[in-house]
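The values are calculated or read from the model by the stated rules, or taken from the named source; none is laboratory data. Predicted, not measured: the structure shown is a model, and the values here were computed from it. Every residue, glycine among them, receives a Cβ derived from its backbone with ideal geometry; neighbour counts consider all protein chains shown.
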Ligand code: URA
């Protein structure tokens, strides 16, 4: 087999992909000598592992690759999308009661954003869902700090200039206006840092409230805030189809 065809991964990734802990935890276990490759203790997290040939053990037990799991969380605001916070603030992992495997987050939501967060140990799917080239749609409900004119909404839809470049066209729908605020729904196909907040600032307003209501084919329907549920097999199939189709369309264009 040619070198390029070998399936290589670093040891810390192999452990986290097996669903037994985060990469940070894996690095610390490796450092403390709990992990062996082909019977030899390895204390370097960046050690390359050949997935087809090498045998990895953790505390002497062979690593079993974890079953894929997909969890949909309705994140409340005030919870960090991070495994641990040095300042001790609550994280989304505090809400995943009764989930034994380590699941990574598919993208992030800001501390002050609530809504749909997908978590999984299926790294390939997570990567496909977050690859900006795949243009997976994400929908948000926004309460703006001002009333917005049609012209401002059109600018959001056509693309605004941000410090990291212009935004792609978005779908923007005015939901309603109150005396002082516009409520709108926006669907974007990128996932840049604080993107919706920065887009609103670019048209001279601010986000007062932000809720993600949809990611690809997934919605929050039926889920209460702070709660999670496993995806149904049909939802997993739909997600896989969407991310495969998105990948194919990128290949066709390149
Ligand atoms: N856009 C933002 O500005 N924040 C989020 O959390 C998600 C999208």
Go through the range 157-252 and tell me which strands (runs of 3 or more DSSP E), entirely inside it, have 2 or more residues that are more than 23 Å from residue 73 (Cα to Cα). 171-177, 182-188
Just to be sure I understand, how many residues within the range 193-217 are in contact (Cβ under 8 Å) with a residue 60 or more places away in the chain and near the ligand (Cβ under 8 Å from one of its atoms)? 5
Applying the selection to the range 51-62, what residues are touching a strand residue (DSSP E or B) at 6+ places or on another chain (Cβ under 6 Å) and either not in a loop (DSSP other than H, G, I, E, B) or not assigned by TED's automatic domain parsing to the domain that holds residue 34 (or both)? 56, 57, 58
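Would the range 138-148 turn up any residue that is within 12 Å of the ligand (Cβ to nearest atom), free of Cβ contacts under 8 Å to residues at least 40 places away in the same chain and surrounded by fewer than 17 Cβ atoms within 10 Å (Cβ to Cβ)?
Of all residues in the range 138-148, those within 12 Å of the ligand (Cβ to nearest atom) come to 138-142.
Among the residues that remain, those that are also free of Cβ contacts under 8 Å to residues at least 40 places away in the same chain are: none.
No: zero hits.
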Quick one: in the range 73-121, of everything that is away from the ligand (no atom under 14 Å from the Cβ), assigned to a loop (DSSP other than H, G, I, E, B) and under 12 Å from the mean Cα position of the chain (by Cα), which residue is surrounded by the fewest Cβ atoms within 10 Å (Cβ to Cβ)? 121
Give the range 174-192 a look and list any residue that's within 14 Å of residue 143 (Cβ to Cβ) and away from the ligand (no atom under 11 Å from the Cβ), or say none. 174, 175, 176, 177, 178, 179, 180, 181, 182, 183, 184, 185
Subset of the range 26-50, residues in a helix (DSSP H, G or I) and free of Cβ contacts under 8 Å to residues at least 24 places away in the same chain, comes to 26, 27, 28, 30, 31
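Across the range 105-124, which residue is modelled with the lowest pLDDT among those that are over 26 Å from residue 207 (Cα atoms) and out of contact with any helix residue (DSSP H, G or I) (no Cβ under 6 Å at 6 or more places or on another chain)?
Among those that are over 26 Å from residue 207 (Cα atoms) and out of contact with any helix residue (DSSP H, G or I) (no Cβ under 6 Å at 6 or more places or on another chain), it is 124.
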Can you tell me which residue is nearest to residue 210 (Cα to Cα) among those in the range 143-156 that are over 29 Å from the mean Cα position of the chain (by Cα) and outside any helix (DSSP H, G or I)? 146
